[in-house]
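The values are calculated or read from the model by the stated rules, or taken from the named source; none is laboratory data. From a predicted model like this one, the values you see are computed outputs, not experimental measurements. Neighbour counts run over all protein chains shown; Cβ positions are idealised from the backbone, glycine included.
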Amino acid sequence: MTEQISIFELISNASLLVQIVMLLLAIASVVSWMMIFQRWLFLRRALNEVDSLEEHFWSGIDLREFYGELSSEENLNGIETIFVSGFREYTRLSEQAGMDADAIMQGVQRSMRVALNREEARLETHLPFLATVGSTSPYVGLFGTVWGIMNSFRSLANMSQATLASVAPGISEALVATAMGLFAAIPAVIAYNRYAAKVDSIMKRYEAFAEEVTTILHRAAHARPAQSNT
């Protein structure tokens with residue numbers, strides 16, 4: 001019986017270019033798995049923060065008291081940043097003389113929109129890398145495979161009698177590159193699609209919360225003249 005060649009032997013016996021391709025794919029796979037795990041923790045924490053803050057927000061707490069609690073914290077993230085930025089702008093503008101309600105709300109909406117865009121960018125961190133790995137890794141692996149197979153057939157020119165046993169190792173070495181490309185790409189594609197959908201879901205909740213805060217502050221801003229005349 002013929003002795004079977006291990007994967008390690010196939011990699012070690014591959015040509016230099018194919019080995020470089022395999023190394024790049026291995027690095028991309030390791031980095032993408034690190035990012036997949038990091039994004040999983042980050043998005044899960046962001047979702048828990050949304051649930052916790054909305055529950056506290058709708059518990060009947062006074063908005064100024066709520067703002068005081070959040071603004072005293074050093075590290076604000078996600079939905080907390082959106083509320084604090086909007087309420088801070090509302091407080092600043094409402095204390096200025098001659099500011100009408102519409103001008104105040106325009107400033108509040110701009111401030112919250114900036115915070116929303118900033119939080120969206122934070123949620124989408126590393127997703128472009130996962131998309132790149134998922135879309136390019138199969139082609140990088142295929143390049144290594146084509147190069148390896150080309151070298152295998154080119155070596156046939158130096159043989160007086162070509163057999164399957166003489167060609168098979170070279171082809172097997174080349175096909176390992178394709179397998180590694182798929183191994184790097186498949187988890188990255190799955191993670192990107194899942195996380196992109198989760199980011200979209202979280203952003204919709206952020207936007208809905210921002211609209212709710214805007215509505216409350218809009219009523220408060222229009223009540224200011226009536227309160228100032230009393």
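Here is how the numbers come out for the structure above:
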{"read-out": "Verdict on Arg118 being within 30 Å of Ile36 (Cβ to Cβ) and surrounded by fewer than 16 Cβ atoms within 10 Å (Cβ to Cβ)", "value": "yes"}
{"read-out": "Region 91-115, subset buried (at least 19 other Cβ atoms within 10 Å of the Cβ) and small (Gly, Ala, Ser), residue farthest from Glu80 (Cα to Cα)", "value": "Ser111"}
{"read-out": "Residue pairs meeting the criteria (Cβ under 7 Å; at least 6 apart or on separate chains; first under 22 Å from Asn75 (Cα atoms), in region 98-124; second assigned to a loop (DSSP other than H, G, I, E, B) and modelled with pLDDT under 90)", "value": "Glu119/Gly78"}
{"read-out": "Count - residues of region 1-26 that are out of contact with any helix residue (DSSP H, G or I) (no Cβ under 9 Å at 6 or more places or on another chain) and either closer than 30 Å to Pro128 by Cα or modelled with pLDDT of 90 or more (or both)", "value": "2"}
{"read-out": "Checklist (1) over 20 Å from the mean Cα position of the chain (by Cα); (2) crowded, with 17+ Cβ neighbours inside 10 Å applied to Glu74, failing item", "value": "(2)"}
{"read-out": "Any hit, region 180-194, residues being at pLDDT below 90, surrounded by 14 or more Cβ atoms within 10 Å (Cβ to Cβ) and in a helix (DSSP H, G or I)", "value": "yes"}
{"read-out": "Complete set of residues in region 121-137 that are crowded, with 20+ Cβ neighbours inside 10 Å and either closer than 30 Å to Thr178 by Cα or touching a His at 6+ places or on another chain (Cβ under 8 Å) (or both)", "value": "Leu130, Val133, Gly134, Ser137"}
{"read-out": "Filter result for Arg44 (within 27 Å of the chain's Cα centre (by Cα) and either within 24 Å of Asn193 (Cβ to Cβ) or in a helix (DSSP H, G or I) (or both))", "value": "yes"}
{"read-out": "Odd one out for Phe87 among (1) assigned to a helix (DSSP H, G or I); (2) closer than 29 Å to Asn193 by Cα", "value": "(2)"}
{"read-out": "Yes/no for Val50 being under 20 Å from Thr214 (Cβ atoms) and either touching a His at 6+ places or on another chain (Cβ under 6 Å) or at pLDDT 85 or above (or both)", "value": "yes"}
{"read-out": "Lone qualifier among Phe129, Phe209 - being in contact with an Asp or Glu (Cβ under 7 Å, 6 or more places away or on another chain) and at pLDDT 85 or above", "value": "Phe209"}
{"read-out": "Of all residues in region 89-126 being among the acidic types (Asp, Glu) and at pLDDT 90 or above, the one that is farthest from the chain's Cα centre (by Cα)", "value": "Glu119"}
{"read-out": "Odd one out for Glu74, checked against (1) out of contact with any helix residue (DSSP H, G or I) (no Cβ under 8 Å at 6 or more places or on another chain); (2) closer than 21 Å to Ala210 by Cα; (3) modelled with pLDDT under 80", "value": "(2)"}
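Okay, residues lined up against (1) farther than 30 Å from Glu89 by Cα; (2) not acidic (Asp, Glu):
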{"site": "Pro187", "(1), (2)": "yes, yes"}
{"site": "Ile190", "(1), (2)": "yes, yes"}
{"site": "Asn193", "(1), (2)": "yes, yes"}
{"site": "Arg205", "(1), (2)": "no, yes"}
{"site": "Phe209", "(1), (2)": "no, yes"}
{"site": "Glu212", "(1), (2)": "no, no"}
{"site": "Arg219", "(1), (2)": "no, yes"}
{"site": "Ala223", "(1), (2)": "no, yes"}
